[in-house]
Amino acid sequence: MSSISFNLGYRYLRSKKGGIFSFTTILAILGLSIGVASLIIVTSVMNGFQKELENRILGVIPHAIVYNDDYVENYEELIEKINANNDVYESSPYIEIQALISSSSDNKPVSLIGIEPDKEKKLSILPQYMIIGDFENLNNKNSVIIGSSLAANLGAYVGDNIVITTPDIKSTIIGSYPLSVTLEVVGIYELRTEIDQYLVLTSHKTAQKLKKFSIDQTESIRIKTTDLFKADLIGSNIALELGNSFYISSWKDTHGTLFEAIKFEKLLISLMLFLIVAVASILVLSTIVMTVKSKEREVAILRTLGASSNQLILIFFTQGILLSFIGIFIGVMIGYLFTININNIINLLEDMLGRNLLEAYFINYFPYFIDHKQILFICLISLILSISASFLPSLRVFNTIQEREEIMRMVSELREIKVVSTWLTI
């Protein structure tokens, strides 16, 4: 009888006029497909944007910094000790100076970073985003690399001189004034993030002169860890190994709130999109209710032929399961196809509208990352919601059976009463 329940469940999905599906079935499948596809597309795109932010921001700022109260001496020995740690990919001396950069047209507050140019390719993604010049040019005396946004604001180009003014005070016989130095622009990078507006890079030797450090002194040691999201723990262990006088600062202290906000926003959007699946589940429920109501006569006939209550309930539950699987499968296919072709669709829309839809963003394309575990979770939750919605109205068959049996019992009793009344009259 279970095969009969399955066949009848599939048959009730079909239109009475011979179509593949009835109109209500098409609406329920369409609702589920749109809900699942929307969740896959939106979560994949948000995953892509999150990864781009991680690469372009966390790929530039230090994973962790080790420092002490004053300055770090004999930093080369410390770097060798740090690099011996299996959780460390690379480390180098690091000096950060808050300064004012000036040109003939404008001046801007910036963060001047002293780095070792030869190690930067292992520590940062900036060498990959140079649009003019090369990081090796920082080995030249009194040179800097600036971002494209900052270069545009200053009206500076490669070969131009800019003035860096630091908070350090220089004293002379004629008085005291902030320390200023003229540096040559030897390169321009472009990340298309806010980093382009304030990050200025110079060699570690130049930064040492600005801070008046000796050749074996630095401000801190920059660390790139093998696991970005354990950078604070790895850095803490390293600081303990180096001694009690050292402290640790990780990217979570400076940019952690940004990525927590992105995760929270993604969670809220996912919850809102799950409402579409919930509405589609209501369509599944209404479809099963209407089918149960319209098939009362068939239910009574099957009951008369000996079908059990569980078998009759299974007919309509099977209908709901088939409807759910079809809707979710179509939604997954649409979501995959739309996601992998999203940039072609955006380009088509831009051609139709005649404008760049991504001009306000830090990248000129829609990044996406398809997380298969996340999609499996979406399908599982959608399946649970839709199957639950189909199970409840399927139980109405049991009530219908009881109601009809009660009616039949009452009819039988009435017939017996009528027979007895006729006999007494005779």
Leading residue by the ranking (nearest to Ala64 (Cα to Cα)) among those in the range 200-217 that are open to solvent by less than 30 Å² (accessible area, probe 1.4 Å) and part of a helix (DSSP H, G or I): His204
Name, by its number, the condition in (1) in a helix (DSSP H, G or I); (2) of a type in the set (A, V, I, L, M); (3) modelled with pLDDT of 75 or more; (4) open to solvent by less than 90 Å² (accessible area, probe 1.4 Å) that does not hold for Ile370. (1)
For Ile97, are the conditions met, namely being part of a strand (DSSP E or B), over 20 Å from Gly155 (Cα atoms) and either in contact (Cβ under 8 Å) with a residue 24 or more places away in the chain or of a type in the set (A, V, I, L, M) (or both)? yes
Residue among Pro167, Pro109, Pro127 that is open to solvent by 20 Å² or more (accessible area, probe 1.4 Å) and outside any strand (DSSP E or B): Pro127
So Ser250 passes all but one of these: (1) under 24 Å from the mean Cα position of the chain (by Cα); (2) of a type in the set (S, T, N, Q); (3) more than 28 Å from Met46 (Cα to Cα). Which condition number does it fail? (3)
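Rundown of residues vs (1) touching a residue at least 60 places away in the same chain (Cβ under 8 Å); (2) of a type outside the set (Gly, Ala, Ser); (3) surrounded by fewer than 22 Cβ atoms within 10 Å (Cβ to Cβ), yes/no style:
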site	(1), (2), (3)
Glu219	yes, yes, no
Arg222	yes, yes, no
Phe246	yes, yes, yes
Ser249	yes, no, yes
Lys252	no, yes, yes
Leu258	yes, yes, yes
Ile276	yes, yes, yes
Search result, residues across the range 124-158 that are among the small types (Gly, Ala, Ser) and touching a residue at least 40 places away in the same chain (Cβ under 8 Å): Ser124, Gly133, Ser143, Gly147, Ser148, Ser149, Gly155, Ala156
Quick check, is Arg192 under 16 Å from Pro117 (Cα atoms) and touching a residue at least 60 places away in the same chain (Cβ under 8 Å)? no
Looking at the range 233-259 only, could you name the residues that are within 21 Å of Tyr75 (Cα to Cα) and of a type in the set (Asp, Glu)? Glu241
Only one of Ser281, Ser294 is within 29 Å of Ser44 (Cβ to Cβ) and either at pLDDT below 80 or aliphatic (A, V, I, L, M) (or both). Can you tell me which? Ser281
Would you confirm, using the coordinates I've provided, whether Ser102 is more than 29 Å from Asn55 (Cα to Cα) and hydroxyl-bearing (Ser, Thr, Tyr)? yes
Given the conditions (1) in contact (Cβ under 8 Å) with a residue 60 or more places away in the chain; (2) open to solvent by 10 Å² or more (accessible area, probe 1.4 Å); (3) under 14 Å from Ile101 (Cβ atoms); (4) in contact with a strand residue (DSSP E or B) (Cβ under 6 Å, 6 or more places away or on another chain), every one holds for Gln197 apart from (4)
For the range 52-94, give me the residue count where each residue is surrounded by 18 or more Cβ atoms within 10 Å (Cβ to Cβ) and either among the basic types (Lys, Arg) or part of a helix (DSSP H, G or I) (or both). 8
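The values are calculated or read from the model by the stated rules, or taken from the named source; none is laboratory data. Model, not experiment: these values are computed from the prediction. Glycine gets a Cβ as well: all are built from the backbone with ideal geometry, and neighbour counts include every protein chain shown. When the accessible area is computed, the model is the full protein with side chains, heavy atoms only, and any ligands, DNA or RNA have been set aside. Shrake-Rupley method; radii C 1.70, N 1.55, O 1.52, S 1.80 Å.
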